[in-house]
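One structure is given here, and the rest of the page talks about it.
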């Protein structure tokens, strides 16, 4: 059963607290996360803040031009994909790789997952980041499948 959680973040500090809470919930088991939102909405910022909370020591940047950044300095591996440059045609070339990165104890973030054309059927968390009228951000989390429901329940506390 799908679970949802919505959080409004008025400041970067609010986003940092949300990312830290999220990191604390996923640091043991890992998860696969699809991020949606306009350019500049805060997808990469959330990934960066989560990775920092997990203990990643490397500089965390957007993988827009390289498709994938890998971070191995935390207690759990963190993988960060960006599908923007692949768009619809190129996604078929990495579908198997995305499935592989959804398994095991790792955290995988996929920005611009809307370009996947439904090629991501595995259990995941989807985060939609939108702007609010006052330039704050709204983070809407939802689960696909039951595996990660505990994350949504933990965010609600």
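For this structure, a couple of remarks:
- Taking 0.36 nm per residue of sequence separation and removing the Cα-Cα distance, the residue 70/residue 58 pair yields an extension gain of 3.4 nm.
- Cα extents for region 4-156 along the principal axes, largest to smallest and rounded to whole angstrom: 38, 34, 32.
- Annotation: extensible slack from residue 150 through residue 8 equals 49.1 nm (criterion: 0.36 nm per residue apart, minus Cα-Cα distance).
- At q = 0.13, 0.26, 0.28, 0.29 Å⁻¹, base-10 log of I(q)/I(0) for region 40-85 (Debye sum, equal scatterers on each alpha carbon): -0.25, -0.95, -1.06, -1.11
- Mean-square fluctuations from a GNM of the chain, with a 10 angstrom spring cutoff on Cα atoms, peak among 27, 59, 43 at 59.
- Label positions at residue 135 and residue 99, each projected 7 Å from the Cα along the C-beta direction, are separated by 4.5 nm.
- Largest GNM mean-square fluctuation across 50, 143, 11, computed for the chain with C-alpha springs under 10 Å, falls on 11.
- Residue among 55, 104, 42 with the largest mean-square fluctuation in a Gaussian network model of the chain, springs linking Cα atoms under 10 Å: 104
We did not get these values from a lab; they are worked out from the coordinates using the rules stated. Note that this is a predicted model, so its numbers are computed, not measured. Counting neighbours? That spans all protein chains shown, and the Cβs are built from the backbone with ideal geometry, glycine included.
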